[in-house]
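Report on one structure; see the data block that follows.
The values are calculated or read from the model by the stated rules, or taken from the named source; none is laboratory data. Remember, it's a predicted structure, so these values are computed and weren't measured experimentally. Because the Cβ atoms are built from the backbone with ideal geometry, glycine has one as well, and the counts that use them run over all protein chains shown.
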């Protein structure tokens, strides 16, 4: 499941740079030992004990029965029958305990993995973070951690059982039927080899992932364009194309399934043939019938313990891939992107200098044609055709995109050098977190009082709301679906205001708001942060939603082709306009 | 998983309450989803039965060999002979195992493929998208359907192969009937114990699983918003919250797991107890401690055979319990598939004949659009989206529908297109000589996004009218403002676009959609925020092209944009399910 969900999209981006990144599996295992050593030891011991009990039970039962059939003179019925019962109980108890202990170890590991993932990821540079938080990658990261933690119960425990059973059996055979010991060893080795055949090569995994991504793409677009396609009577045609795409995916998976079934059945045949060979060898060696029964039954039990090996190996490979992906995601980058000491947080606004910056995306470089020096405390409205680089500029100013040419300075230094909370970007895809609205605002400032939170929500126009509908204590579920798009934007805006940034960047803040609501929400910025520098990207057709009269803010059209010339007047410091800033 | 949690995290939504079913009902529904894989599962079950038969043969012969050794009657020749037979049995067993796996795999594929198709059928209906996010649809088709298939892969063949146990019992009965009686008598212990274990914990289980899903969605949330947390400087503070959420999730998962372990331990105890009882009985019989006069005599050979067949007898029964984990996952998946938004009323087949590919009834004159007390209510919603809307749009006029997002613009347009059947009231397209019910066949629709099929640009435009000539396609492309794009494409209209082809921007894709609509030449145009993703220049260009294309047609356009609104003859404002009309011209 988890394996089939992954795409190699991110692994290529963030290159491991530290020791833990180069050896992701060992790094993760060290974490396992550090967090769950007692559980792991108990689980391993119990797994071995359970395997031993199984073998003992079967062997003793066979021996006992033959002895009953031809009892020697002084045969005492009670010790062996009591032994059988004791071994049976041991097996059950060890099985239960083993599962509990190994899953406990896995869960502790999972907790540690997730905590480390979060703290590592929060040290990523903003550009890498943006890639990290995008889309459904997070869900996959969650699943990856689970797959990795599943290594303990799904791989480690069965492997320990099989090893213990194998070792015990080889010893037993070496004593009783020495010629059968190598046969058993060979059979076990062949079983493992057959299991290895089920392992899928990374290329194969990538191909399945690519087929899955293509199908997902088509599905998403189709759902968005459904009415048009319905009117064109093309839904059936598209449906057929989707089915085709899914069929391709299934065909790839079928090939992998067939391989796995073949390997698994092959392992089964090898095990049965081993048992057969050992039975024949034992019987030819002519030990007493009771001893022969003991050997054959014990070997049967030991071979049974090898049954989960193919699945265990498959899971091990998935766990290794998951560990690599997690490590690639969270390799802690140099936290300050250049080893500079962080600047002190400072009040007031920050001046901004933009001079033809070359902003690097993972696949291309965008150079918005922009040359300006913005004094602290200015409101700048960026407009221009989509694709002209408005969002690019904002993200670069927020330090989320690296620049490699030109000049982009905030307060005289590169954006990445500012401490958290000083430069805040409110982006399209900002998340309203599960919890209350107050919780969300306190993320920006944990000292906020209830009253202040109410004031902030009122400032952006979320309050007053009809009683019982919305308030600081309204609980938001994951995904924030109780809020409309416009409400989510305003919560994010209020949260940004609560951080009291010196440079506030807003990308399409009025999307989903009507003109009155937009006036109100944007007006809050100038009222609450009179000294901050504010840069907004606004569609030019939304200019009527700006609360500030012309002349009280600076307007710029970004264009990648021609150098924009700022309006004839100088950028106007806003001090004088704050009170009349909104109509 | 995530989608399910989201659905559950909306206690206020009556929809989730209305759709929740009793657990028994959900299980029954889950079982019904296995139908498409029936043949494959039957094959797998058959192979399993054959495998059990091979097991029986293997152990009967092996136990016989022991008896021979004990009685000193086993010759090397007989040993070799038996070895050859056993070799064949082993190979047969392997073959049966392969067949069982392939059958189960194929069955699971068939189930998940059918479910995916079913989801597509529901959601790829005109109004099937409901309020679902496209990503949720992809998740349903790609992941949830697989989870249900996986569940059936594990459980179906096991259940069908269950009668094999009866066969083993019959063999035991032939060997030594009291032993068969003993096994049969201990069998009910398994379901009884499982039932007791399950019953004691089931009530907790549903709650725990819900908790697991909610907590895991909450945890994912913190990761998703990590960028925001870092920017606000809240990440270090939130680390504790993340650990707490992860620990809570662990506690809930551990509770669920414990339940699973207990039921499997219970199963273990029952089976081990039954086998131990059989061993005790045969031992006592062999020793002659039991009244042998009343019972048939037991030889060593038979005793061994009975003892080794006991686990073989229980194996199919134990396989039944194996799908435990998968079942919970499958139930959750099915629940999400079920809560997948159903459209309010899919178009009933009666009034609107299923549109067939081809040009619309182009001869039709521009119709009047008449809404009479039109009400549309989504299932489970508190308020109707449209409430008793009565309005008439004269032929050839252009109405702009203005409303905040989510106020029902798209619903209104989809109802007029005949893609949704209203809960009450009627939509009529008034055209000479007679009025007619709404139908997608007379509509050109332009939405916020369009789908470019993998194929040539011409193929994509020709979607509007499959019989159009090359010249007509070229003309439509030009009128839609695609001349610039055409100029830079290597093969002009023949260039492959879409997946694996030439990359096309959002604005260009919208113009392809417009070219389709132009080629289609329908008398009624419905446009749902066609300029939402365009910049001002793109919007202006599209508006010019639209204004030309509209001439002589009835047009309804949902929009926020003043530039588009300026083209309209009347403005319809939609608020609280009511419609306000303002005539401009």
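Observations, loosely collected:
Quick grid of which residues meet (1) crowded, with 19+ Cβ neighbours inside 10 Å; (2) within 12 Å of chain B (Cβ to nearest Cβ); (3) modelled with pLDDT of 85 or more:
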| residue | (1), (2), (3) |
| --- | --- |
| A:380 | yes, no, yes |
| A:387 | no, yes, no |
| A:390 | yes, yes, no |
| A:446 | no, yes, yes |
| A:463 | no, no, no |
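- Every residue from segment A:35-72 that is without any contact (Cβ under 8 Å) to a residue 24 or more places away in the chain, within 13 Å of another protein chain (Cβ to nearest Cβ) and either surrounded by fewer than 21 Cβ atoms within 10 Å (Cβ to Cβ) or at positive phi (or both): A:71, A:72
- Of everything in segment B:50-67 that is without any contact (Cβ under 8 Å) to a residue 40 or more places away in the chain and surrounded by fewer than 20 Cβ atoms within 10 Å (Cβ to Cβ), the residue that is nearest to residue A:62 (Cα to Cα) is B:61.
Here's the yes/no breakdown for (1) part of a loop (DSSP other than H, G, I, E, B); (2) closer than 30 Å to residue B:74 by Cα; (3) more than 9 Å from chain A (Cβ to nearest Cβ); (4) at pLDDT 80 or above:
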| residue | (1), (2), (3), (4) |
| --- | --- |
| B:221 | no, no, no, no |
| B:229 | no, no, no, yes |
| B:254 | no, no, no, yes |
| B:275 | no, yes, no, yes |
| B:280 | no, yes, no, yes |
| B:322 | no, no, yes, no |
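- Residue B:298 meets the conditions (1) more than 9 Å from chain A (Cβ to nearest Cβ); (2) in a loop (DSSP other than H, G, I, E, B); (3) buried (at least 17 other Cβ atoms within 10 Å of the Cβ) in every case but one. The failed one is (1).
- Elements of the type strands (runs of 3 or more DSSP E) sitting completely within segment A:472-583 and holding at least 3 residues that are in contact with a strand residue (DSSP E or B) (Cβ under 7 Å, 6 or more places away or on another chain) and at pLDDT below 85: these cover A:554-557.
- Single match in A:85, A:108 (criterion: buried (at least 18 other Cβ atoms within 10 Å of the Cβ), at pLDDT 80 or above, in the same structural domain as residue A:302 (by TED's automatic domain parsing) and part of a helix (DSSP H, G or I)): A:108
- From the list B:204, B:212, the one residue that fits, being more than 7 Å from chain A (Cβ to nearest Cβ) and at pLDDT 70 or above, is B:212.
- Matching residues, segment A:105-125, being at the interface with another protein chain (Cβ under 7 Å from one of its Cβ atoms) and touching a residue at least 12 places away in the same chain (Cβ under 8 Å): A:107, A:110, A:111, A:114, A:121
- Breaking point among (1) within 16 Å of residue A:187 (Cβ to Cβ); (2) within 29 Å of the chain's Cα centre (by Cα); (3) within 11 Å of another protein chain (Cβ to nearest Cβ), for residue A:245: (1)
- Residue in segment A:230-248 that is buried (at least 23 other Cβ atoms within 10 Å of the Cβ) and at pLDDT 85 or above present: yes
For every residue, the table says whether it meets (1) in the same structural domain as residue A:173 (by TED's automatic domain parsing); (2) free of Cβ contacts under 8 Å to residues at least 24 places away in the same chain; (3) closer than 27 Å to residue B:97 by Cα; (4) not in a helix (DSSP H, G or I).
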residue	(1), (2), (3), (4)
A:215	yes, no, no, no
A:233	yes, yes, no, yes
A:245	yes, no, no, no
A:275	yes, no, yes, no
A:283	yes, yes, no, no
A:297	yes, no, yes, no
A:302	yes, no, yes, no
